[in-house]
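A short write-up of the structure that comes next.
The values are calculated or read from the model by the stated rules, or taken from the named source; none is laboratory data. What you see is a predicted model, and the numbers here were worked out from it, not measured in a lab. In this analysis, Cβ positions are derived from the backbone assuming ideal geometry, glycine residues included, and neighbour counts consider all displayed protein chains.
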Amino acid sequence: MNSEPHTARWSINDSAKIYSLDNWGAHLFTINKNGNVCIHPSSNAKQSIDLRILMDDLIKRKIKPPILLRFMDVLQRRIAFIYQVFKNAIIENNYPKKYQTFYPIKVNQQRQVVEAIASYGKRYNIGLEVGSKPELIAAISISTGNDLPIICNGYKDNEYIETVLYATKIGYNITLVVEKLFELEKIIALSRQLEIMPVLGIRVKLSSKGTGKWSTSGGEDAKFGLRMSEIIAAIRMLEEHNMVPCVKLMHSHIGSQITKIDKIKTSLIEATRIYTELRKMGIGIEYMDIGGGMGVDYDGSKSSYFSSVNYTIEEYANDVIFQIKNICDEAGVECPHIISESGRATVAHYSVLVTNILNTETQCAMPDFEGQLAHAEKPVPTVRKLLDIYKSIDRHSLREDYHDTQQLMLETVNLFNLGYLTLNDRATAEWLYSKIVLKISTILEKIKPVPEELQNFNLHLRQTYFANFSLFQSIPDSWAIDQIFPIMPIQRLNEKPDVMASIADITCDSDGEITSFVGQHGRSKYLPMHKINSSVDYFIGFFLIGAYQEILGDLHNLFGDTNAVHITFNNKTGYMIDTVINGDATWETLKYVQYKGPEILKNVRSNLEKDVAAKTVSIEESSQFIERLDRMLLGYTYLVDKTETG
Ligand SMILES: Cc1ncc(COP(=O)(O)O)c(C=O)c1O
């Protein structure tokens, strides 16, 4: 990469290519003629929200970055899209029954998100899937009875089961899925005791496994589900208590983000075979719930890599409908209604975290040792050798000089540690090294083929861009499982981004750095970025983070929830801010670890009073300090210096 920008020769299409935008953007994100990223809330390409303008407007409203932008129209668009794709597959395959999505709320339990999904999804008969008592209460609080069906998965105690039974009694459309045989014993006992007949589902443990990071959710060793022998035992138990007619649903789930379509097909075949056998045994199952797993192409590579998927939603839906119909027809068994618990595919796209770049590693000017070297009578031998290399290196001496430079830099540190080099000598060597690296990379641009050991050489030029966010809070899967999320600047995309960068967060953790990105030709070890001007905000966006990230995020270094803004498209004004949710204030994150704001102030004040009495601190100094702490406790946990626009 050259150091000079080539604005004239660079177009927004070039930017779209290097960030692979069209491959992961799902027709939701584009770049406008001003070089800013836009989001399209509907399929009408003219309707768009310019993310850079939006950020500037939010900052004018004194909402500080990092800001989680939640685009509620995108939720609506995804729900409608998934439904339509299944509807098309049903028509194409002449499938006699219906399709229904149950949104698994573990993927993102935020009340406004679940409410929006329930409200938009009404016309598609969407339901909610829950996996714990708190999630059950959340779903019940949103449902107004039988208008929002609920499926209950997860381990259950008596309290969970009883609540579901009472909810059934008063008219909720709620299905209790048996995850374990011992759970069924409890369910039978409680329903007999309370004289309430539940609607039951049976989760089956398929031998088929998914692929990718969550493959252990399926297969013989999976945590949940009944083996075939347990299913037979369950039926016997239910028969004994005349409860077989309660069973209306069969559930299976082989993992999230299934990357290969053939694994999906295999599991569908197995699940449908079990369904047909159960139907032949007289079990009146009406619904086949195929669980989650429909993946998201985060890196846009359309591959079976774990951040991608090698199929489209259309292909997924077609395979589901086709396989189920085919096997049911072969077995002469009535087809079931089909349910999928697609979480990730529903919500991943709706939120974008945008934050400001605070600084770059090389932002502070490095001293120039040129003059000093010119006047030095006799540089130390290590520095002199590096200087010789710098002056003479060319394409013919490249490899040898590269090896010698590496050796000399090791020597520099050793000699410094032994006391033979001064700090100034070492700094000069460091400066020469950076000059040699630049020269080598210029030479490498002109030679082909590049020697094998120098193929990744340009990574020496990678700069660290410090972004105002916590990776552990906002994109925890990037750290926990090396998940790749699309990341790109949201402005200046009509300029060539000349800098190769890694993105570091503001936690004091060396793991808080991203060095793997979505690139033009697959994964890339750097993100193309523009040189930043410290007086103008430069924002980057982290995309497709709506699934799992918001709830899995943690409080590393006590960086809390970010500010969140719910936005909808508006024909007249472009956009409307529906809700602003303030991020955690410092006192709130401290409270999670048992520090209470008023107590903190009380303790500091009483300590300072002793100093005031001893006259080592003045009354003014003491009260100013308390005031400062008070302000900080009420303030944002992220850095708030640099929002020039506002
Ligand atoms: C039972 C169940 N259903 C649905 C899901 C959601 O899966 P996804 O987000 O891949 O659609 C999960 C997640 O692992 C799950 O365990």
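Being more than 20 Å from ILE12 (Cβ to Cβ), touching a Phe, Trp or Tyr at 6+ places or on another chain (Cβ under 6 Å) and among the hydrophobic types (A, V, I, L, M, F, W, C) is the requirement here; does ILE503 meet it? Step through it out loud before you land on a result.
Values: more than 20 Å from ILE12 (Cβ to Cβ): yes; touching a Phe, Trp or Tyr at 6+ places or on another chain (Cβ under 6 Å): yes; among the hydrophobic types (A, V, I, L, M, F, W, C): yes.
Judged against the criteria, ILE503 is a match.
From (1) free of Cβ contacts under 8 Å to residues at least 12 places away in the same chain; (2) buried (at least 20 other Cβ atoms within 10 Å of the Cβ), pick out the condition that doesn't hold for ILE254.
(1)
Report, ordered by the first and then the second residue, all pairs with beta carbons closer than 6 Å, sequence separation of six or more or different chains, a first member in region 183-198 that is assigned by TED's automatic domain parsing to the domain that holds GLY171, and a second member that is surrounded by fewer than 15 Cβ atoms within 10 Å (Cβ to Cβ) and outside any helix (DSSP H, G or I).
Close Cβ pairs satisfying both conditions: ILE188/HIS241.
Given the conditions (1) touching a strand residue (DSSP E or B) at 6+ places or on another chain (Cβ under 6 Å); (2) in the same structural domain as LYS106 (by TED's automatic domain parsing); (3) within 14 Å of the ligand (Cβ to nearest atom), report the number of the one that TYR350 does not fulfil.
(2)
Checking the condition within 16 Å of the ligand (Cβ to nearest atom) and either assigned to a loop (DSSP other than H, G, I, E, B) or more than 30 Å from ILE59 (Cα to Cα) (or both), which residue from MET288, MET366 passes? Give the steps one after another, and end with the answer.
Details: MET366 fails: within 16 Å of the ligand (Cβ to nearest atom).
Going through MET288, MET366 in turn, just one is within 16 Å of the ligand (Cβ to nearest atom) and either assigned to a loop (DSSP other than H, G, I, E, B) or more than 30 Å from ILE59 (Cα to Cα) (or both): MET288.
Would you check which residues across region 144-192 are polar (S, T, N, Q) and assigned to a loop (DSSP other than H, G, I, E, B) and list them? Before the answer, list the steps.
Of the residues in region 144-192, the ones polar (S, T, N, Q) are 144, 146, 153, 158, 163, 168, 173, 175, 191.
Within region 144-192, THR144, ASN146, ASN153, ASN173 meet the criteria.
Of the conditions (1) of a type outside the set (Lys, Arg); (2) exposed (fewer than 15 other Cβ atoms within 10 Å of the Cβ); (3) out of contact with any helix residue (DSSP H, G or I) (no Cβ under 8 Å at 6 or more places or on another chain), PHE466 fails just one. Which one is it?
Of everything listed in (1) of a type outside the set (Lys, Arg); (2) exposed (fewer than 15 other Cβ atoms within 10 Å of the Cβ); (3) out of contact with any helix residue (DSSP H, G or I) (no Cβ under 8 Å at 6 or more places or on another chain), PHE466 misses just condition (2).
Considering only region 445-479, state which residues are under 13 Å from the mean Cα position of the chain (by Cα) and of a type outside the set (Phe, Trp, Tyr).
Within region 445-479, SER470, LEU471, GLN473, SER474, ILE475, PRO476, ASP477, SER478 meet the criteria.
May I ask you to verify whether ARG344 is within 30 Å of ILE63 (Cα to Cα), within 42 Å of the chain's Cα centre (by Cα) and among the basic types (Lys, Arg)?
yes
Would you mind finding the one in LYS87, LYS97 that is of a type in the set (D, E, K, R) and either part of a helix (DSSP H, G or I) or within 16 Å of the ligand (Cβ to nearest atom) (or both)?
LYS87
Within the group THR266, THR276, which residue is at pLDDT below 95 and either over 13 Å from LYS205 (Cα atoms) or assigned to a loop (DSSP other than H, G, I, E, B) (or both)?
THR266 is the lone residue from the list that is at pLDDT below 95 and either over 13 Å from LYS205 (Cα atoms) or assigned to a loop (DSSP other than H, G, I, E, B) (or both).
Could you list, in sequence order, all residues of region 336-347 that are crowded, with 20+ Cβ neighbours inside 10 Å and more than 16 Å from the ligand (Cβ to nearest atom)?
To start, the set of residues in region 336-347 that are crowded, with 20+ Cβ neighbours inside 10 Å comprises 336, 338-347.
Within region 336-347, just PRO336 meets the criteria.
Got a number for residues in region 19-40 being of a type in the set (Ser, Thr, Tyr) and in contact with a helix residue (DSSP H, G or I) (Cβ under 8 Å, 6 or more places away or on another chain)?
Going through region 19-40 one residue at a time, the tally reaches 1.
Answer yes or no as to whether LYS435 is loosely packed, with under 13 Cβ neighbours inside 10 Å and among the basic types (Lys, Arg).
no
Provide a single number: the residues in region 583-597 that are farther than 16 Å from LYS64 by Cβ and surrounded by 11 or more Cβ atoms within 10 Å (Cβ to Cβ).
Final tally of qualifying residues: 7.
Yes or no, residue by residue, for (1) modelled with pLDDT of 90 or more; (2) touching a helix residue (DSSP H, G or I) at 6+ places or on another chain (Cβ under 8 Å); (3) in a loop (DSSP other than H, G, I, E, B); (4) away from the ligand (no atom under 16 Å from the Cβ):
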{"site": "TRP214", "(1), (2), (3), (4)": "no, no, no, no"}
{"site": "GLY219", "(1), (2), (3), (4)": "no, no, yes, no"}
{"site": "LYS223", "(1), (2), (3), (4)": "no, yes, yes, no"}
{"site": "ILE231", "(1), (2), (3), (4)": "yes, yes, no, yes"}
{"site": "PRO245", "(1), (2), (3), (4)": "yes, no, no, yes"}
{"site": "LYS248", "(1), (2), (3), (4)": "yes, no, no, yes"}
{"site": "GLY255", "(1), (2), (3), (4)": "yes, yes, yes, no"}
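Any residue in region 441-454 that is within 30 Å of ASP584 (Cβ to Cβ) and crowded, with 17+ Cβ neighbours inside 10 Å?
no
On the given criteria, is ILE484 in contact (Cβ under 8 Å) with a residue 40 or more places away in the chain, within 19 Å of ARG523 (Cβ to Cβ) and buried (at least 22 other Cβ atoms within 10 Å of the Cβ)?
Against the criterion (in contact (Cβ under 8 Å) with a residue 40 or more places away in the chain, within 19 Å of ARG523 (Cβ to Cβ) and buried (at least 22 other Cβ atoms within 10 Å of the Cβ)), ILE484 qualifies.
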